[in-house]
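Just below is one structure, and these are the notes that go with it.
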Ligand SMILES: Nc1ncnc2c1ncn2[C@@H]1O[C@H](COP(=O)(O)OP(=O)(O)O)[C@@H](O)[C@H]1O
Ligand SMILES: [Mg+2]
């Protein structure tokens with residue numbers, strides 16, 4: 001286990017840098033958490049968009065949507081007549097018009113058809129309303145998939161709204177809210193950045209050209225050297241993971257440890273850990289020098305987090321971006337995370353969706369791992 | 001082209017036959033043949049770019065080659081021949097140590113790749129530290145060491161496990177004279193303790209000083225090999241004699257030119273330069289001749305031929321960098 005011990009020593013001698021990175025990224029995470037939270041809050045507090053609603057459906061969900069919108073905006077019910085609508089828009093009596101079709105639940109939730117809206121071209125506020133409606137529809141779709149009927153979905157949406165409104169209003173009660181959802185949401189960034197930099201750096205110590213030659217000329221088989229290295233780095237990763245989980249337990253106490261989903265959170269973060277370790281391993285292997293490594297890690301961590309729903313919530317992301325995002329493991333982590341946020345008590349379908357997301361992360365991790373191993377082999381035979 | 005000497009006898013510790021290595025269309029090793037016997041300090045001498053490092057890397061199985069065969073300890077060398085690797089030590093051209101580890105930890109790490117036993121390893125590491133004279137720097141990080149000390153650490157990392165066969169690729173490049181001497185003496189000491197050493201350098205003086213046998217390389221080929229005496233014996237020049245402050249007329253110069261073993265004599269500005277073939281008492285004979293004719297002379301120099309002369313003779317270019 002000489003190589004293993006070597007890694008341990010190198011990690012130890014890098015402890016200051018590791019603490020430094022941890023501190024920085026913790027700080028970043030907290031910063032992002034607070035800004036994201038206040039941005040979310042602002043969204044709920046934003047009033048004043050005049051929305052015209054044409055309600056051709058009398059179902060419970062349509063009612064829930066109107067209620068949801070009226071909680072945020074000024075709502076006018078309109079008749080479904082083109083001339084009226086044009087007039088309203090023209091005279092700015094409404095900034096935004098939603099047409100709820102007949103059989104709203106079937107069409108828009110079950111079949112996923114888009115809701116027809118009209119807005120003043122280039123309207124900035126309209127985008128917010130778009131996001132809010134999308135968010136409503138997405139969430140309703142989750143309940144629908146989980147086997148809820150229209151009435152149950154509508155109820156669930158009403159409750160959700162209450163929770164959110166409370167959350168927005170009630171900033172003073174720190175202990176008893178779901179702040180930890182932000183902590184977990186930002187974890188991919190912390191993982192990617194810390195593992196990318198630290199593990200990449202350590203990998204680099206062992207891959208300096210001449211040093212690598214000395215190791216390759218030794219009687220310890222190359223595969224064994226690699227395995228010992230990976231073992232050590234994985235242990236290091238688990239160590240950081242434990243630290244973060246303990247961090248959550250300490251910061252959020254009972255509200256997290258006592259919640260029904262703790263187990264799923266742990267499962268999801270472990271899958272993410274595996275995945276990020278593989279990514280870090282790959283980054284450290286393919287980068288030709290330390291500077292390149294810094295660049296690659298930055299692109300990977302920031303890119304994945306922006307597209308994967310860490311910095312921008314998946315709720316508000318457009319469909320086409322989401323299609324791309326599905327090829328990023330972070331997306332699946334955040335997806336599972338969102339489900340955990342939305343379902344205080346798991347339903348069968350929700351649970352399956354979480355498991356699916358976790359499974360996909362693991363598959364991603366395995367793929368990155370294989371890529372890294374292949375890259376390492378290629379690098380060795382090259383020179 | 002001068003053919004090499006003494007290939008009689010059994011196969012040596014390291015045996016290379018017709019080794020060819022190409023980088024693309026560039027031929028770095030061109031049918032290289034070498035045979036290193038047990039107990040030798042075998043020198044690979046050649047100018048920069050002559051293929052020394054390439055040859056070493058092939059021997060260490062770090063580099064794939066196109067043709068030929070390498071046997072070490074009588075076994076075919078291969079990347080997974082750990083039996084052979086166990087008894088080898090390497091000191092490469094560039095320093096290869098961990099910046100994060102101290103002097104002691106570095107040596108311990110590399111020694112640990114060969115020696116599992118903790119107690120034995122501690123002995124070996126301590127010994128290696130004494131051997132290169134880094135006792136006072138045990139706890140230092142490599143970054144704090146001067147160039148010469150760093151080289152010594154590099155050597156200690158390669159030899160701590162007391163290998164039977166040591167490869168050293170230009171271990172004295174860019175080293176101050178004091179460290180250099182210490183390193184050269186160390187290499188001879190390792191050899192006395194029983195290690196066979198393959199040593200590459202482009203410094204003729206070093207190779208002359210420590211190597212028991214030498215192969216001169218140029219353009220990826222071994223152009224001559226043998227002991228220093230054998231090599232210098234291959235060329236016509238035995239001894240170069242320079243005499244300053246002499247006044248000679250044509251007749252006297254003719255007489256000197258007529259001396260046995262003198263094959264060239266140039267006289268210019270009161271300086272006489274003679275080149276003699278290998279023979280005993282060349283200098284005495286020349287001075288005696290001057291004395292007989294009552295010719296006064298100033299300072300006298302006599303030089304033995306160097307490997308540079310050999311290289312010059314074979315390739316027509318200087319060995320110097
Ligand atoms: N990786 C490589 N790719 C292409 N050419 C190389 C490579 N390594 C060495 N060479 C060339 O091979 C020749 C021999 O190099 P080398 O063995 O390092 O010489 P030495 O060690 O005697 O200075 C040089 O001309 C060098 O430019
Ligand atoms: Mg070289």
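Values for this structure:
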{"item": "Count of the range B:100-110 residues which are crowded, with 24+ Cβ neighbours inside 10 Å and under 19 Å from residue A:216 (Cβ atoms)", "result": "3"}
{"item": "Residue in the range B:279-300 that is modelled with pLDDT of 85 or more, touching a strand residue (DSSP E or B) at 6+ places or on another chain (Cβ under 9 Å) and part of a strand (DSSP E or B) present", "result": "yes"}
{"item": "The range B:81-99, subset over 30 Å from residue B:146 (Cβ atoms) and more than 7 Å from every other protein chain (Cβ to nearest Cβ), residue surrounded by the fewest Cβ atoms within 10 Å (Cβ to Cβ)", "result": "B:83"}
{"item": "Any hit, the range B:125-147, residues being assigned to a loop (DSSP other than H, G, I, E, B) and within 16 Å of ligand 1 (Cβ to nearest atom)", "result": "no"}
{"item": "Among the candidates B:67, B:116, residue that is away from chain A (no Cβ under 14 Å) and more than 14 Å from ligand 1 (Cβ to nearest atom)", "result": "B:67"}
{"item": "Residue list for the range B:23-61, filter: within 13 Å of ligand 1 (Cβ to nearest atom), free of Cβ contacts under 8 Å to residues at least 60 places away in the same chain and either closer than 11 Å to residue B:219 by Cα or within 14 Å of chain A (Cβ to nearest Cβ) (or both)", "result": "B:23, B:24, B:26, B:49, B:57, B:58"}
{"item": "Matching residues, the range B:12-33, being under 27 Å from residue B:194 (Cα atoms) and away from ligand 2 (no atom under 16 Å from the Cβ)", "result": "B:12, B:13, B:14, B:15, B:16, B:17, B:33"}
{"item": "Residue check for residue B:270: at positive phi and in contact (Cβ under 8 Å) with a residue 12 or more places away in the chain", "result": "yes"}
{"item": "Residue within the range A:192-203 that is within 14 Å of chain B (Cβ to nearest Cβ) and at pLDDT 85 or above present", "result": "no"}
{"item": "Residue A:308 away from chain B (no Cβ under 14 Å) and either modelled with pLDDT under 80 or more than 16 Å from ligand 1 (Cβ to nearest atom) (or both)", "result": "yes"}
{"item": "Residue list for the range A:79-101, filter: under 38 Å from the mean Cα position of the chain (by Cα), more than 16 Å from residue A:120 (Cα to Cα) and not in a strand (DSSP E or B)", "result": "A:101"}
{"item": "Criterion (within 17 Å of residue A:213 (Cβ to Cβ) and in a helix (DSSP H, G or I)) met by exactly one of B:114, B:109, B:104", "result": "B:109"}
{"item": "Among (1) closer than 18 Å to residue A:2 by Cβ; (2) within 7 Å of chain A (Cβ to nearest Cβ); (3) surrounded by fewer than 17 Cβ atoms within 10 Å (Cβ to Cβ) - the single one residue B:122 does not satisfy", "result": "(2)"}
{"item": "Scope the range B:163-209; condition more than 16 Å from ligand 1 (Cβ to nearest atom), away from chain A (no Cβ under 14 Å), touching a strand residue (DSSP E or B) at 6+ places or on another chain (Cβ under 9 Å) and part of a loop (DSSP other than H, G, I, E, B); matching residues", "result": "B:195"}
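Yes or no, residue by residue, for (1) more than 14 Å from chain B (Cβ to nearest Cβ); (2) not in a helix (DSSP H, G or I):
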site	(1), (2)
A:210	no, no
A:248	yes, no
A:260	yes, yes
A:273	yes, no
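The values are calculated or read from the model by the stated rules, or taken from the named source; none is laboratory data. Keep in mind it's a predicted model, so treat the numbers as computed, not measured. Heads up, the Cβs are rebuilt from the backbone with ideal geometry, glycines too, and the neighbour counts pull from every protein chain shown.
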